[in-house]
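So the structure is just underneath, and the comments pick up after that.
The values are calculated or read from the model by the stated rules, or taken from the named source; none is laboratory data. As the structure is a prediction and not an experimental result, all values here were calculated from the model. So basically every Cβ, Gly included, is an ideal-geometry build from the backbone, and we count neighbours across all protein chains shown.
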Amino acid sequence: MSISDYDDHRQAWLTREEVAERLVPLVGRLYRDHGVLTSIHGQRLVHRSASEMIAVHDKAAEVGHEVVTLEQTETVLEALLAMSPGPASVDVARLAIAVGENPETVDVAAFVTAELANAPATAPHQVNTDVVLYGFGRIGRLIARILISQAGNEHGVRLRAIVVRRGAANDLVKRASLLARDSVHGPFPGSVSVDGENDVLIANGSRIQVIYADNPATVDYTAYGITNALVVDNTGKWRDEQGLSQHLQSPGVARVLLTAPAKSPLKNIVHGVNDSTIAPTDLILSAASCTTNAITPVLKALHEAFGVVRGHVETVHSFTNDQNLTDNFHPGDRRGRSAVLNMVITETGAANAVAKALPELAGKLSGSSIRVPTPDVSLAILNVTLGRATTKHEVNDYLRRVSLHSDLRQQIDYVESPEIVSSDFVGSHRAGIVDGLATIVNDVNLVLYVWYDNEYGYSYQVVRVIESIAGTHPIIVPSRETVVAGHNTSSQ
């Protein structure tokens, strides 16, 4: 490369960086002042740096999405700010594409206003919903990070308290440290401090009461100003109606959400699949498991397009807290052996749990699991017999468009890279990511590989269920589409 070429490329980057720097405050104002979550083909723009803004735009080309320039994004963001919209989830890329490459010929604000007016209505917005995390382990802390990061947009869901057993004299400081530092997900993006006198964690300005208790039925939440709260039980200690109903005996509690599979007759909710079944009378709900959330949306999409006759789900799953670091006694089969030195065959209820969210597949799936020595990100291998013959191109093209345009866009992502590995998916917001290059198709036989961050991706699904229960899940702009194999059509 000549000096001239180098200078040209460098100047092009600096120009893009300058535009990207202008996007950061626009995205921030939309989020803080109006509750608008912006994205580019489903990749969020909130809390991104200038270089990350550029990377999000460039990523579209990697999976065949329509490319949108930073300048187009800037035009749409400015138009959104000018119209002072209400809370919404806005795909800026799809709006920019609809406006076209010559936005000066289109009244962007009028176009966006029309899109907002035509967007499907959501449940009535509640001013505030108090959330209590009962248990503060791996999932509890990640849910806390997500809720804290979203506190700035006044979307109505407020993390008010966590409930734990006191573990040491300096328990509060240790809890704060675990929130601030994470070996897998990195440092907390902001400030964490403690008010030891009042047992309060302070994270990015949010005061979170720490309540020490051993019994879920004996906490008086109203004493802390918490009312009509949604308690998110992260302990997994109780999975049936009788055990979880103990929370409802505590003053200030209205509903309970379990972050593990629940026993019948409780509903297991996979957001994007059966969250529409949540009723005001459902006082206790489950957000199912990480694996169930990863595979159910993909299986739903496959069943709608091709029909699923039968299948087997094999999960290659990162080790979890219930395994031993070194060989020692464990009540479960094989789990007593060292998690960091062995692959461990174990059972999974994910295949059967799919049917609780997607009854059409009842009795059609089997499943098993292999725990492996990685701390996070798992892989589900779906070996499925379809109802009709297809090709690798048709399946991949369909799932790529589902990940971009459909109602399952928050749940399913799609990648094509010959170099990608499990650690590349740490921090993914999606429930599952289809690895297109690994897809195998032979007539009606399909093998699909679905990556998932079994911690962070699942935690985002839990937060989406929290928002659905609270009636605060934002409206979607532009409206998503009904995607079918071979072509797609617009649908409200």
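Among the residues in region 95-110, are any aliphatic (A, V, I, L, M), at pLDDT 90 or above and within 21 Å of residue 474 (Cα to Cα)?
Here is the first cut: in region 95-110, the residues aliphatic (A, V, I, L, M) are 95-99, 106, 108-110.
When the remaining residues are screened for being at pLDDT 90 or above, the result is none.
No, every residue in region 95-110 fails to be aliphatic (A, V, I, L, M), at pLDDT 90 or above and within 21 Å of residue 474 (Cα to Cα).
Say whether the condition of being out of contact with any helix residue (DSSP H, G or I) (no Cβ under 7 Å at 6 or more places or on another chain), among the hydroxyl-bearing types (Ser, Thr, Tyr), over 26 Å from residue 280 (Cα atoms) and buried (at least 21 other Cβ atoms within 10 Å of the Cβ) is met by at least one residue in region 393-404.
yes
Mind checking which residues of region 226-278 are crowded, with 23+ Cβ neighbours inside 10 Å and either free of Cβ contacts under 8 Å to residues at least 24 places away in the same chain or touching a His at 6+ places or on another chain (Cβ under 8 Å) (or both)?
231, 233, 253, 256
Given 48, 138, 165, which one is surrounded by fewer than 19 Cβ atoms within 10 Å (Cβ to Cβ) and modelled with pLDDT of 90 or more?
Details: 48 fails: surrounded by fewer than 19 Cβ atoms within 10 Å (Cβ to Cβ); 138 fails: surrounded by fewer than 19 Cβ atoms within 10 Å (Cβ to Cβ).
From the options 48, 138, 165, the qualifying one is 165.
Give the residues of region 334-354 that are β-branched (Val, Ile, Thr) and under 13 Å from residue 268 (Cβ atoms), sorted by residue number.
The first filter runs over region 334-354 and keeps only residues β-branched (Val, Ile, Thr), leaving 340, 344-346, 348, 354.
Hit for region 334-354 is 354, nothing else.
Hey, can you tell me all the residues within region 314-367 that are among the aromatic types (Phe, Trp, Tyr) and either under 14 Å from residue 300 (Cα atoms) or free of Cβ contacts under 8 Å to residues at least 40 places away in the same chain (or both)? Explain how you work it out, then say what you get.
As a first pass, look at region 314-367 and keep what is among the aromatic types (Phe, Trp, Tyr): 319, 329.
Correct list: 329 only.
Residues being assigned to a helix (DSSP H, G or I) and either not hydrophobic (A, V, I, L, M, F, W, C) or not assigned by TED's automatic domain parsing to the domain that holds residue 73 (or both): count how many of those fall in region 14-39. Spell out how you get there, then give the answer.
Let us first name the residues in region 14-39 that are assigned to a helix (DSSP H, G or I), namely 14-34.
Narrowing the set further to residues that are either not hydrophobic (A, V, I, L, M, F, W, C) or not assigned by TED's automatic domain parsing to the domain that holds residue 73 (or both) leaves 15-18, 21-22, 25, 28-29, 31-34.
Number of matching residues: 13.
Which fully enclosed strands (runs of 3 or more DSSP E) of region 248-340 have 2 or more residues being under 20 Å from residue 374 (Cα atoms)? Spell out the reasoning first.
Working: elements: 253-258, 284-286, 308-318.
Fully inside region 248-340 and qualifying: 308-318.
Assuming residue 24 fulfils every condition listed in (1) at pLDDT 90 or above; (2) farther than 23 Å from residue 188 by Cα; (3) not charged (D, E, K, R) apart from one, which condition is it?
Status for residue 24: all satisfied but (2).
Got a sec? Which of 214, 220, 199 is touching a Leu at 6+ places or on another chain (Cβ under 7 Å), touching a residue at least 12 places away in the same chain (Cβ under 8 Å) and within 16 Å of residue 134 (Cβ to Cβ)? Before the answer, list the steps.
Working: 214 fails: touching a Leu at 6+ places or on another chain (Cβ under 7 Å); 220 fails: touching a Leu at 6+ places or on another chain (Cβ under 7 Å).
The unique qualifying residue is 199.
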